Amino acid sequence: MKSTRAIRFFTGLSIALVAISAIGAIGLGGLSSQLNRTSVFGGLKNRPHSASSAVNYLVVGSDTREGLTKEQQRALRVGSTKTAAGKRSDTMLLVHISKKRDKAVIVSIPRDTFALIPAHTNASGKLVSESYSKINSSFNWGGAPLLIETLENMTKLRIDHYVEVNFAGFANMVDALGGIEVCSKVAINDPKSHLVMDAGTHILNGIEALKYVRTRDFDGMGDLGRMQRQQQFVSAVLRKATSAGVLLNPIKLVSFINSAMSAVSTDENLNKDDLITLAKQMKNLSASKVRTLTVPLKFYNYNSHGVTSAVLWDPVLAPELFQRLSNDEAIVDTVKPSASPSASPTVIDKFKTRTAAENPCGALK
């Protein structure tokens with residue numbers, strides 16, 4: 001069977017943020033009953049302390065085939081729940097929302113990150129000692145709790161909430177928005193994701209969008225190139241979902257919200273009141289105030305402790321990034337010149353971020 005790597009992707013908390021903001025405008029009603037919750041934080045101990053009232057979400061894309069129609073399975077060529085049982089994740093997004101709820105930062109965590117996986121009890125009830133592996137192994141071995149424990153140990157950043165999205169719901173969300181516009185500077189022909197697309201601007205439906213965000217084998221950049229496209233897609237979704245064409249269209253808005261809520265599973269602590277409060281606080285969040293980036297990396301083909309072809313975080317920049325997020329500090333510095341007060345300030349972006357308002361082909365939307 002021509003098996004491919006499944007999507008393992010959620011369009012980022014941008015979808016959830018927009019949905020939550022929209023929900024705040026029309027009222028939640030029976031929304032709480034639509035949320036699927038899973039136990040995540042109950043067994044975690046010795047967790048990092050929250051230094052501010054900012055909130056951090058971990059967003060994970062699950063490759064479960066549940067919910068996909070047979071037609072969608074054939075279009076994606078990903079097999080069925082019978083041929084690909086269970087779920088895995090190759091995409092993890094750490095989303096930081098400022099304490100004033102007026103800015104957000106979305107950090108892509110590479111699935112091949114070299115990590116020390118804590119000791120844990122496996123599905124068979126056997127205690128497994130801590131060991132080095134790639135970070136996506138933690139999700140495979142122990143689900144969300146082990147992934148969060150691993151990530152908190154590495155970042156010293158407390159994860160407040162967890163959101164997991166399946167790709168059947170993702171496709172429905174894209175279709176509810178009327179498709180998403182993407183722009184590629186190069187033609188794409190990926191035999192594994194089965195995406196064939198000319199260079200330029202395209203409007204993708206749900207299935208085409210799934211192919212786009214899972215594409216990784218056409219440009220030699222592998223997972224890093226895929227993460228860049230995922231970040232660009234997150235930004236495009238945010239621009240579309242916050243446009244007047246969606247927010248002022250009750251039918252489209254409700255369809256999008258219902259699709260978003262049916263697609264996600266959240267931690268046990270995220271409730272209706274939290275969503276209402278966050279929606280009210282974030283009503284003025286715009287795409288220009290959302291920054292996306294990949295955690296700073298030092299090596300792209302790191303081999304150690306029996307782990308091969310891993311990526312290693314930058315030992316200086318990565319801790320600085322997470323310390324800034326922990327303290328809710330800006331990740332892009334603006335330095336005013338001291339010699340000439342009239343001179344333009346210098347912007348220092350050592351973490352190589354992009355704003356969600358930026359189009360990959362260069363234009364601003």
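Taken together, the values in this text are just the output of simple stated rules run on the coordinates, not laboratory data. This structure is a prediction, so every number in the text was calculated from the model and none was measured. Because the Cβ atoms are built from the backbone with ideal geometry, glycine has one as well, and the counts that use them run over all protein chains shown.
Based on alpha-carbon positions alone, could you give the equivalent ellipsoid semi-axes of region 134-200 from the gyration tensor, as √(5λ), descending, whole Å? Kindly include the intermediate steps, with their values, before the conclusion.
Numbers: eigenvalues 211, 56, 35 Å².
Rounded to whole Å, the semi-axes are 33, 17, 13.
Placing +1 on the Cβ of each Lys and Arg and -1 on the Cβ of each Asp and Glu in region 168-228, which of Gly179, Val196, Leu224 has its Cα farthest towards the positive end of the resulting dipole?
Result: Leu224.
How high is the relative contact order of region 90-241? Use alpha-carbon pairs under 8 Å, at least six apart in sequence, and give a whole percent. Before the final figure, lay out the partial values.
Numbers: 206 pairs, mean separation 22.7, N = 152.
Reported as a whole number, the value is 15 percent.
Taking other Cβ within 10 Å of each residue's Cβ, how do Ile203, Ile188, Ile109, Ile348 sort, fewest first? All intermediate terms of the calculation are to be shown ahead of the outcome.
Numbers: Ile203 13, Ile188 18, Ile109 23, Ile348 10.
With the sparsest Cβ surroundings first, the list reads Ile348, Ile203, Ile188, Ile109.
List the GluC sites (Glu not before Pro) within region 96-173 that fall in a DSSP loop (any state other than H, G, I, E or B) and whose Cβ has at most 13 other Cβ atoms within 10 Å.
Working: sites: Glu130, Glu149, Glu152, Glu164; in loops: Glu130.
Those that pass, being in a loop and sparsely packed, are Glu130.
At a 10 Å Cβ-Cβ cut-off, how would you order Val107, Val163, fewest neighbours first?
Details: Val107 26, Val163 23.
Going from sparsest to densest Cβ surroundings: Val163, Val107.
So what are region 101-218's ellipsoid semi-axes, whole angstrom, largest first, if each one is the square root of 5 times an eigenvalue of the alpha-carbon gyration tensor? Walk me through the numbers on the way to the answer.
Details: eigenvalues 226, 62, 43 Å².
Result for region 101-218: semi-axes of 34, 18, 15 Å.
Within the set Lys185/Lys298; Lys211/Lys350; Lys289/Lys336; Lys70/Lys192; Lys240/Lys289, which residue pairs have Cα atoms separated by over 23 Å?
Working: Lys185/Lys298 27 Å; Lys211/Lys350 31 Å; Lys289/Lys336 21 Å; Lys70/Lys192 19 Å; Lys240/Lys289 15 Å.
Where the Cα-Cα span goes over 23 Å, the pairs concerned are Lys185/Lys298; Lys211/Lys350.
Do you know the relative contact order of region 161-205, to the nearest whole percent, from alpha carbon pairs under 8 angstrom that are 6+ apart?
Numbers: 46 pairs, mean separation 16.7, N = 45.
With pairs under 8 Å counted, the relative contact order is 37 percent.
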